[in-house]
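Remarks on the structure that follows.
Throughout, read-outs are computed from the coordinates displayed, never taken from laboratory work. Bear in mind that the values here come from a model prediction, so they are computed numbers and not experimental data. All Cβ positions, even for glycine, are placed from backbone atoms using ideal geometry, and neighbour counts span all protein chains on display.
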Amino acid sequence: MPLHELTAHALHEKLKEREITAQELTEAIYERIAEVEPHVKGYLTLTKDIALEQADRADQGFQNGDEMPPLAGIPIAIKDVICTKGVRTTCGSKILDNFVPPYNATVMTKLHEQGVVMVGKTNMDEFAMGSSTENSAYQITHNPWDLDTIPGGSSGGSAAVVSADTAVCSLGSDTGGSIRQPAALCGVVGMKPTYGRVSRYGLVAFASSLDQIGPFTKDVTDCALLLNAICGSDAMDATSVDVPVPDFTQCLINDVDGLKIGVPKEYFTPALDTEIADNVHAAIAVLEELGATVEEVSLPHTEYAIATYYIIAPAEASANLARYDGVRYGYRNENPENLISMYKKTRSKGFGEEVKRRIMLGTFALSAGYQDAYYKKAQKVRTLIKSDFDAAFEKVDVIATPTSPTPAFKIGERTADPLQMYLSDVMTTPASHAGLPGISVPCGLVKSGLPIGLQLLGAPFAEENVLRVAYTFEQNTEYHQQKPEIQTNGVG
Ligand code: GLN
């Protein structure tokens, strides 16, 4: 197998045995980038000089026979919403076109402690608002499985580069599904940890009560390794929770005997794509054959999750994005008549359509006279959604659903209809409201050849159950080994 196709854990063995060097591995990844990246367009910035330097440092450690961490020398891509010291961080927005953070996000500091190799920064929907990565101010990322389709969003670049083997793994962020949905659509593993598991320090804020950072990987073992690297409380993020972080590789147990899996009936409506429903049912049947107990559960407030999300997330976004006024960060309009006009022109020109739509929605939902009717009510419904999950997790260990109601859709298909785009998140936003850990693992392809994701959710801080079920599924199926054939002579 070519080096760019291997998992981090397989590569670690080769690095440790000195069969390969991190330099060779990094070169192999950039060769792959030269071959397919012009068609996929997953990266906004490549950081080859930094990568080669980091690879050199890792190689010195391996050569000295030092005990090297599992991610040392592993090429990783970072969503462009995570602050990287000295490396441009745009959030997919023109307003941050020239923003070079003077500090690293906590996750970056932790990854550097592991000795990773940073390949580059990945494309995303502007400020992580979107489900297709088409809201990027810079470029459209193409799904490696079919270059005419979207990779999902908002972390579409991070999903596409792992799927296209132009990075071994990557980091994304998930507010309402932005890791799980693109992972499903690109046929890779993607996990949102419990809210509070991973520090958000240095993650540019979208909706602070929902945002979490998490990994995209080629398999569940790599997912556990990345979680080990990034989880843990942090004095710089008051919402990070001080609970012990287990060694997640200890949950990679190929056995679901005795585990209870709940299947929420509200997720399998007649509106669901039948191929997706059939595949996900078949995946759940595999787990049942392997010894899990499967039972139906009810999450009655599921239908309100999208409406609730599109009040809460824009409300928080409207507050978080108030800081982009041309004074301290990024773009500033050059021809203002006065201070107010500078704010107005900067924000009108700097933000894209969807971001402006969200700022207006959020400002309206928070305005005097409407706050109780919208924002406060949404918070109450959020509590009901969380209570549904609490009740379900009294009975079951893990909840299994499709990740996305449809496979990847065509580029341009939903851009004219924001509501249609918002419905892409119908399966992922409920768990976001409840702050739950959730993973998406590949569970097959539809007839047209596009990947399907199985979503597995756990109770807060029960990542172990989620990983165990995901790992068992993976060990007993071959879906994670399916690779796209990128049409390098076609569109793109
Ligand atoms: N697609 C959702 C949105 O547009 C979720 C985005 C995310 O999780 N960052 O808000």
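Structure notes:
- For segment 422-447, the candidate set comprises residues that are of a type in the set (Val, Ile, Thr) and under 24 Å from PRO484 (Cα atoms); within that set, the residue that is farthest from the ligand (Cβ to nearest atom) is VAL446.
- Residue tally, condition closer than 16 Å to PHE268 by Cβ, out of contact with any Gly (no Cβ under 6 Å at 6 or more places or on another chain) and among the aliphatic types (A, V, I, L, M), over segment 385-401: 1
- Output for segment 114-134, where each listed residue is more than 8 Å from the ligand (Cβ to nearest atom), buried (at least 24 other Cβ atoms within 10 Å of the Cβ) and of a type in the set (S, T, N, Q): THR122, ASN123, SER132, THR133
- Residue satisfying condition, being closer than 27 Å to GLU288 by Cα, of a type outside the set (Lys, Arg) and part of a helix (DSSP H, G or I), within set ALA365, ALA391, ALA378: ALA391
- Leading residue by the ranking (nearest to the ligand (Cβ to nearest atom)) among those in segment 315-339 that are part of a helix (DSSP H, G or I) and without any contact (Cβ under 8 Å) to a residue 60 or more places away in the chain: SER318
- Candidate set from segment 246-288 (those that are in a loop (DSSP other than H, G, I, E, B) and among the β-branched types (Val, Ile, Thr)); member that is surrounded by the fewest Cβ atoms within 10 Å (Cβ to Cβ): THR269
- TYR309, sole failed condition from (1) part of a loop (DSSP other than H, G, I, E, B); (2) in contact with a His (Cβ under 8 Å, 6 or more places away or on another chain): (1)
- Unique match (being in contact (Cβ under 8 Å) with a residue 12 or more places away in the chain, within 12 Å of the ligand (Cβ to nearest atom) and in a loop (DSSP other than H, G, I, E, B)) among GLY172, GLY152: GLY152
- Scan of segment 266-288 for residues that are over 26 Å from GLY449 (Cβ atoms) and more than 26 Å from the chain's Cα centre (by Cα), ordered by number: GLU288
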